[in-house]
Amino acid sequence: VGVVCAVCGNLLVGKEGPMIHSGAAVASMLPRALGDWFPSLLSFRAAPVERDFVSVGAACGVAAAFAAPVGGVMMVLEEAATVQHW
């Protein structure tokens, strides 16, 4: 809600923050929706899986904002390494 209000209010937030936030927000809703639509995918509602979805959504936002898909992949690897302790 805060990002939408900031962008609609013409505040100087840049394009990177809202893109990353939007990607993470959409990705956080995806596991719940998949669990509702497809009962066989209820395992997607687990916290680690949902955290992975949010990381991938944020990486999609990074890739879209900076036009750098490799940067998005590197961000996901960094997030996975900090959570998984690779």
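The values are calculated or read from the model by the stated rules, or taken from the named source; none is laboratory data. Everything numeric here is computed off the predicted structure, so don't read it as measured data. With ideal geometry, Cβ positions are generated from the backbone for all residues, glycine too; neighbour counts draw on all protein chains shown. Accessible surface is based on the protein model in full, side chains and every heavy atom, while ligands, DNA and RNA are left aside. Shrake-Rupley method; radii C 1.70, N 1.55, O 1.52, S 1.80 Å.
Structural remarks
- Angle of helix 16-37 to the longest C-alpha principal axis of the chain, folded into 0 to 90 degrees and rounded to 10: 30°.
- Evaluated at q = 0.15, 0.22, 0.25 Å⁻¹, the base-10 log of the normalised Debye intensity for the chain, with identical point scatterers placed on the Cα atoms, takes the values -0.62, -1.01, -1.11.
- Per-residue SASA entry for residue 5, accessible area with 1.4 Å probe, Å² rounded to 10: 80 Å²
- Taking other residues whose beta carbon is less than 14 angstrom from the beta carbon of residue 51, and scoring Lys, Arg as +1 and Asp, Glu as -1, yields -2.
- Percent RCO, i.e. relative contact order, over segment 18-86, from Cα pairs under 8 Å lying at least 6 residues apart: 34 percent
- The helix-based estimate of mean residue ellipticity at 222 nm for the chain, built from -39,500 (n - 2.57) per DSSP H run of four or more residues and divided by its residue count, is -25000 deg cm²/dmol to the nearest 500.
- Label-to-label distance for residue 7 and residue 82 is 2.3 nm, based on points extended 7 Å past Cα in the beta-carbon direction.
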